[in-house]
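Heads up, the thing below is written out as structure tokens.
The values are calculated or read from the model by the stated rules, or taken from the named source; none is laboratory data. What you are looking at is a predicted structure, and each value in this text was computed from that prediction instead of being measured. Here the Cβ positions follow ideal geometry from the backbone for every residue, glycine too, while neighbour counts run over all protein chains shown.
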Amino acid sequence: MRKYFKKLPRELREVISQASQVSQETRMPAYLVGGCLRDLILGVKNLDLDIAIEGNGIIFAQNLAQKLKSRLKTHERFGTAILILSDGLKVDIATTRQEKYPYSAALPVVNSGSLKEDLKRRDFTINAMAVSIAVDKEQKIIDPFGGQDDLSSGRIRILHNLSFKDDPTRILRAIRFSQRFDFKIEPKTLLLLKEAISDGLLDKVNPHRMHDELILMLKEQNPFRPIKELDDLGALSFISTKLKIGKSTQALFKSISKEIAWFVKNFPARRQLDTWLVYFAALLAPLTWLEIKLIIYRLGLRKGEQKRVTSYYRGRKKLISSLSKKQVAPEQIFLLLEPLSYETIILLSATTPNKNFKKYLADFFEIYNGMRLCISGHDLGGLGVLPGPEYQKIFAKVLTAKLNGQVRNRQTELALIRKLVQAT
Ligand code: CTP
């Protein structure tokens with residue numbers, strides 16, 4: 001297994017070496033588990049470490065955080081902790097546990113358990129392996145369900161027949177992993193997955209959990225594939241039975257992906273995009289306004305997420321027609337686009353081939369976006385203007401001048417307001 005640890009970035013190797021020491025000092029066996037081990041074996045980059053502790057995960061995490069001088073967040077109730085390392089790397093630490101589902105799609109009842117029990121509660125064989133991080137131990141992969149075999153044959157396989165019944169979100173996870181790694185869902189697993197879908201189990205899951213799984217799916221490198229697969233299996237109805245995933249969705253997703261790449265390449269300093277949100281909003285295109293509002297409510301989108309989806313559907317026709325004209329003033333471009341989120345603008349761009357529109361959009365991002373005045377009400381007050389509607393009129397004029405490149409800094413803005421005040 002050492003050969004796998006070698007593939008990790010230096011900082012994570014250091015974490016493992018320190019964790020190994022903590023394991024010795026506290027006499028708590030520690031293991032690398034789940035997706036990070038799967039990806040290590042596959043040779044896929046994964047910067048999140050998952051460590052399972054036979055003992056007390058929180059005490060272990062506190063010791064490790066002290067050694068690494070890193071930030072620590074603990075969830076006492078779940079026996080879990082997260083270490084946040086300097087450059088955004090994350091280490092999840094959890095006490096090994098067993099889970100029992102009181103009924104289908106319920107949240108599991110959790111008790112501490114052995115490593116074996118911890119592996120047994122997991123979704124797929126490829127995610128149910130562990131390796132000890134102790135330096136003195138033989139570095140053999142603990143693989144009770146044949147995960148290595150399934151990894152090398154490219155198979156997604158559940159551990160027992162009730163897996164999808166217990167946790168129907170695994171339906172989405174199976175599709176997501178199979179598309180991501182280009183793996184086949186093993187025949188019996190597929191049969192049980194289809195059965196779970198036709199039994200309507202996805203509708204039994206708390207919609208907020210479905211929202212989280214859907215986001216993960218839409219964050220995949222190529223989200224069209226799992227979404228199409230979900231639709232082919234008749235499982236998209238947990239969002240709405242009216243969604244249509246066809247050639248036009250594929251073309252739209254492709255166009256969104258291009259727009260995102262353009263944005264990231266040209267504006268690397270801007271805030272990171274929630275790319276999943278652009279795809280999610282695009283999916284809702286066949287629905288009515290009321291249906292969109294209902295879905296957003298049911299899936300429990302946060303306020304900011306809701307706004308970014310609805311603002312696309314609310315004003316898009318008027319906005320596209322205004323910005324497709326040959327001559328549009330900078331002020332108009334600014335007023336139309338500045339209130340919108342980057343995600344909304346990217347979706348607008350992906351659905352609008354018009355050349356003028358694209359040019360105004362580029363201008364917006366390059367020149368106008370975030371433009372603010374350097375002067376304030378204080379400066380106007382100093383010139384004897386009394387607070388009131390006059391303030392807004394003057395500010396609007398200065399902003400127009402700034403968007404047109406006629407004023408550029410505080411000095412020229414001040415000169416302009418002096419002129420405007422004298423003229424009134
Ligand atoms: N897990 C599970 N059932 C779920 C969710 C998670 O059994 N419904 C287990 C799996 O063993 C998984 C681990 O918890 O490997 C960690 O979950 P998560 O971080 O969601 O999955 P990863 O496998 O790390 O997936 P990704 O590569 O997408 O981060």
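Some notes on this structure:
- Check on Ala269, at pLDDT below 95 and surrounded by 14 or more Cβ atoms within 10 Å (Cβ to Cβ): no
- Close pairs (6 angstrom Cβ cut-off, 6 or more residues apart or separate chains): assigned by TED's automatic domain parsing to the domain that holds Thr96 in the range 42-61, among the aromatic types (Phe, Trp, Tyr) and within 16 Å of the ligand (Cβ to nearest atom) anywhere: Ala52/Tyr31
- In summary, helices (runs of 4 or more DSSP H) completely within the range 1-98 and bearing 2 or more residues that are away from the ligand (no atom under 15 Å from the Cβ), over 25 Å from Phe177 (Cβ atoms) and in contact with a Lys or Arg (Cβ under 7 Å, 6 or more places away or on another chain) occur at 10-26.
- Against the list (1) within 22 Å of Phe365 (Cβ to Cβ); (2) part of a loop (DSSP other than H, G, I, E, B); (3) not small (Gly, Ala, Ser), the condition Leu287 fails is (1).
- Of all the residues in the range 117-140, those that are surrounded by fewer than 16 Cβ atoms within 10 Å (Cβ to Cβ) and under 27 Å from Arg180 (Cα atoms) number 1.
- Condition met for Pro286 (within 24 Å of the chain's Cα centre (by Cα), surrounded by fewer than 16 Cβ atoms within 10 Å (Cβ to Cβ) and closer than 21 Å to Pro226 by Cβ): yes
- Test: residue in the range 239-248 that is on the phi < 0 side of the Ramachandran plot, in a helix (DSSP H, G or I) and in contact with a helix residue (DSSP H, G or I) (Cβ under 8 Å, 6 or more places away or on another chain): no
- Among residues of the range 24-79, those that are surrounded by fewer than 20 Cβ atoms within 10 Å (Cβ to Cβ), within 22 Å of the chain's Cα centre (by Cα) and small (Gly, Ala, Ser), counted: 1
- Cross-chain or 6+ apart pairs with Cβ under 7 Å, the range 173-185 first and not assigned by TED's automatic domain parsing to the domain that holds Phe124 and assigned to a helix (DSSP H, G or I), then β-branched (Val, Ile, Thr) and at pLDDT 95 or above: Ala174/Ile156; Ala174/Ile185; Ala174/Thr189; Phe177/Ile156; Ser178/Ile156; Ser178/Ile185
- Count of the range 151-161 residues, restricted to those that are surrounded by fewer than 23 Cβ atoms within 10 Å (Cβ to Cβ) and within 13 Å of the ligand (Cβ to nearest atom), is 3.
To keep it simple, each residue is scored yes or no on (1) assigned to a loop (DSSP other than H, G, I, E, B); (2) away from the ligand (no atom under 13 Å from the Cβ); (3) in contact with a Phe, Trp or Tyr (Cβ under 8 Å, 6 or more places away or on another chain).
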residue	(1), (2), (3)
Val110	no, no, yes
Lys116	no, yes, no
Leu119	no, no, yes
Val135	yes, yes, no
Phe145	yes, no, no
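- Just one of the listed residues (Ala415, Ala396) is hydrophobic (A, V, I, L, M, F, W, C) and under 21 Å from Phe334 (Cα atoms), and it is Ala396.
- Picking from residues in the range 170-210 that are of a type in the set (S, T, N, Q) and surrounded by fewer than 20 Cβ atoms within 10 Å (Cβ to Cβ), the one that is nearest to the ligand (Cβ to nearest atom) is Asn206.
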